[in-house]
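**Q** Just dropping this structure here.
What follows draws every value from the coordinates through simple rules; no lab data is involved. All values derive from a computational prediction rather than experimental measurement. Methodologically, a virtual Cβ is constructed for each residue, glycine included, from the backbone with ideal geometry; neighbour enumeration extends over all protein chains shown.
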Amino acid sequence: MKVYLDNGATTRLDPRVLAKMRPYLTEKYGNASAINYLGQAAYLDLMEAKKRVAKLLGGEPAGVIFTSGATEANNLIIKGVALANQAKRKKIIISNIEHPCVRESANELARAGFQVEFVPANSEGLVTPEALRKIIDKETILVSVMAVNNEIGTINDIAALAKIAHQYGAYFHTDAAQAIPYLKIDIKKMGIDLLSLSGHKFYGPKGVGVAYIKKGIKVKPLMVGGGQENNLRSGTYNLPGIMGLTFALELAYKERAAYLKRVKALRDYFWQRINQEISGLKINGSMTKRIPANLNVQFTSIEGEAILMDLSHKGICVSTGSACSAANLQASHVLTAIGLSKNLLNSNIRFSFGRFNTKAEINYTIKALKETVKRLRSFSPIK
Amino acid sequence: MALNYSKKTINHFLNPKNIGEMKNPDGYSQIGNMLCGDQLNFFLKVRNGKIKDVKFLSFGCASNIATASLLTEKVKGMTIAEAKKYKWETVVAELGGLPSQKIHCSVMAVEGFRKAIADYEKKQKHSR
């Protein structure tokens, strides 16, 4: 049996989304910047897509900038806002559990002479307003805290954090790549100035994302050229991707209630069974303030990459924050940040559930996991 | 990150040879620890200057298990002198290559095994 439990890494394209994308690759292939009839048709669809995305996120159509994904959106926003506003202020705050694309953007700014501060997550994996209040000041231009953490699925109180940022006259950005459709994002109500999204995290296509930039915020572009996206992001509009992302976002919110119920039922059933049938397990991060699709589990006395490889051999896809699985041989910065002791850092597996998982797949995974853990523990020197 | 293990490495990971504990070993070692993310424990039996049996325990990734498995398979039956010369490069070659970030697993396996031989030799000196 094949079981995909790595939906936090990427999701399978929904066939309904693919059907909406196909015409933009075959018949409606015009360049949305061209003024011939094919180009104009594409332009109208592009403008419509911005409206639809803005409506779902509670923002303005003009704020919707399509990018190649959340990595580009985060780079554009973090670096672009800092560079365009440096005459005013030069301090940036990000949390210590951000995705590497946010962290590395901030690190690049630090090397360029900006002051970068890290607001720490607590042991539950949450960035609290109190923690932000301790380090923010009137020198801060930008605060960036992710809506949902990619490894442990914990949910931050974005509205409360944005409010604090505004009290100090700073802009608030959130990387919401993992938040769709789990959070009901409302840009205006939540006080979000800048936001990043990625299409492939919610059953849309890869290679397309959104940088939402509120009107009036100065941003220096990463890409220069033809001046697309109000000069913020040059490059031919990726209509197949844009239309796919837009439709995927609509589907995600339209089917939200049933979807949340389904993934939660699968995850809770999975956790209840493995916790009962396998000894020495523990969940990393808050279980209450967490998206229902995520489970991040410690398996004492065995190593994460070995668990992953053993499951992979049985047709099951999961992921791990173990050092052995990382190119830089560093254990997960998120699990480190929430205070896991060093000898537990390499024994964790993320299971991320999704739209296409079935109960039969979960039962198969439970059986396989029990065998995997039993085998690896049988020869572990750690007792 | 690309992590393409050879078929042979995967086979050793899924069906490791010489795995388990040994009672009253002639030589014993522990290398690495949980803090680094990998650990190996080796157990040796030596008869007439030859490796009669060797076993290991592992807390580690697939290549940690696979490299120790292959190593123990190869050194069994060797004289102590031969076994001491067995190189990590040979482990890598025998497995059909290892991903670059996994080379250290083979180094650790060889070092751990040599440490077990050193333990055996130390005990020999004391018993004489």
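**Q** Answer rounded, prolate or oblate for region A:15-254, using the Cα gyration tensor with square roots of eigenvalues a ≥ b ≥ c: rounded when a/c is under 1.5, else prolate when a/b is larger than b/c, else oblate.
**A** On the way: a/c = 2.20, a/b = 1.57, b/c = 1.40.
Prolate shape, in that a/c is at least 1.5 and a/b is the bigger ratio.
**Q** Return a whole-number percent for the relative contact order of chain A, with Cα pairs under 8 Å and 6 or more residues apart as the contact set.
**A** Result for chain A is 22 percent.
**Q** With a ≥ b ≥ c the root eigenvalues of the C-alpha gyration tensor of region A:1-80, is it rounded (a/c under 1.5), prolate (a/b larger than b/c) or oblate?
**A** oblate
**Q** Further question on the same structure: Structure shown: which of B:Lys50/B:Lys115; A:Lys264/A:Lys289; A:Lys138/A:Lys220; A:Lys184/A:Lys289 lie over 20 Å apart, alpha-carbon to alpha-carbon?
**A** Checking Cα-Cα distances, A:Lys138/A:Lys220 exceed 20 Å.
**Q** Turning to a different aspect of this structure: How tilted is helix A:70-84 with respect to the longest principal axis of chain A? Cα atoms for both, answer in degrees (0 to 90, nearest 10).
**A** In chain A, helix A:70-84 runs at an angle near 50 degrees to the longest axis.
**Q** Follow-up question, since we're still on this one. Over chain A, with a Gaussian network built from C-alpha contacts below 10 Å, which listed residue (A:Asn85, A:Asn343, A:Asn122) shows the highest mean-square fluctuation?
**A** In the Gaussian network model the winner is A:Asn343.
**Q** State the cysteines of chain A left without a partner when partners are defined as other cysteines whose beta carbon lies under 4.7 Å away.
**A** That list is A:Cys101, A:Cys317.
**Q** I'd like the isolated cysteines in chain B, meaning no second cysteine's beta-carbon lies under 4.7 angstrom from theirs.
**A** B:Cys36, B:Cys105
**Q** Looking at chain A, which longest stretch skips every one of the chymotrypsin sites (Phe, Trp or Tyr not before Pro) that is in a DSSP loop with at most 16 other Cβ atoms within 10 Å, leaving the sites themselves out?
**A** Longest site-free region, per DSSP loop and neighbour criteria: A:30-355.
**Q** Where a ≥ b ≥ c are the square roots of the eigenvalues of the C-alpha gyration tensor, would you call region A:44-159 rounded, which needs a/c under 1.5, or, failing that, prolate if a/b is larger than b/c, or oblate?
**A** Details: a/c = 1.90, a/b = 1.33, b/c = 1.43.
Oblate, since a/c reaches 1.5 and b/c is not below a/b.
**Q** Follow-up. Just to be sure I understand: with springs between alpha-carbon atoms less than 10 Å apart, which residue in A:Ile135, A:Ile366, A:Ile187 has the highest mean-square fluctuation in the Gaussian network model of chain A?
**A** Among A:Ile135, A:Ile366, A:Ile187, the largest mean-square fluctuation in the Gaussian network model of chain A belongs to A:Ile135.
**Q** A further question follows. Output ³J(HN,Hα) for region A:334-343: one whole-Hz value per residue in order, computed from phi by the Karplus curve 6.51 cos²θ - 1.76 cosθ + 1.60 with θ = phi - 60°, and x for Gly and Pro.
**A** 6, 5, 5, 4, 8, x, 5, 5, 4, 7
**Q** Apply the Karplus curve 6.51 cos²θ - 1.76 cosθ + 1.60, θ = phi - 60°, to the phi angles in region A:248-259 and return the couplings in whole Hz, x for Gly and Pro.
**A** In residue order, the calculated couplings are 4, 5, 4, 4, 4, 7, 5, 9, 4, 4, 5, 4 Hz.
**Q** Given a Förster radius of 30 Å and the C-beta distance between A:Thr236 and A:Glu108 as r, what FRET efficiency does 1/(1 + (r/R0)^6) yield to the nearest 0.05?
**A** The value I calculate is 0.70.
**Q** Continuing with this model, one more query. Check B:Asp26: other-chain or 5+ apart residues with amide H under 5 Å from its amide H, H built from backbone geometry?
**A** B:Leu44, B:Lys45, B:Val46
**Q** Continuing with this model, one more query. Could you tell me how far the Cα centroid of region B:1-39 sits from the Cα centroid of region A:306-369, in Å?
**A** If you average the Cα positions of each part, the centres end up 19 Å apart.
**Q** Mind jotting down the distance between the C-alpha centroids of region A:236-263 and region A:1-62, whole Å?
**A** The two parts, judged by their Cα centres, are 9 Å apart.
**Q** Taking amide H positions as placed 1.01 Å from N in the peptide plane, with prolines and chain starts having none, which residues 5 or more places from A:Thr320, or on another chain, fall under 5 Å of its amide H?
**A** Close amide H contacts, sequence-distant or interchain: A:Arg350.
**Q** Another question, then. List every residue whose amide H lies under 5 Å from the amide H of A:Gly209, counting only residues 5 or more places away in sequence or on a different chain, with H placed 1.01 Å from N in the peptide plane.
**A** A:Thr67, A:Ser68, A:Gly69, A:Gly199
**Q** Mind listing which trypsin sites (Lys or Arg not before Pro) in region A:33-112 are in a DSSP loop and have 11 or fewer other Cβ atoms within 10 Å?
**A** Listed in order of number, the matching sites are A:Lys88.
**Q** Given labels modelled 7 Å from the Cα in the Cβ direction, how far is it in nm from B:Asn48 to A:Ser341?
**A** Between B:Asn48 and A:Ser341, the label points sit 4.9 nm apart.
**Q** Report ³J(HN,Hα) in whole Hz for each residue of region A:223-234, in order, from the Karplus equation J = 6.51 cos²θ - 1.76 cosθ + 1.60 where θ = phi - 60°; Gly and Pro get x.
**A** Once θ is set to phi - 60°, the couplings for region A:223-234 become 9, 10, x, x, x, 5, 6, 6, 6, 8, 7, 6 Hz.
**Q** Could you give the angle, 0 to 90 degrees to the nearest 10, between helix A:359-378's Cα long axis and the longest principal axis of the Cα atoms of chain A?
**A** 60
**Q** Using only the alpha-carbon atoms, how far is helix A:37-57 inclined from the longest principal axis of chain A? Give it as 0 to 90 degrees, nearest 10.
**A** Tilt relative to chain A: about 60 degrees.
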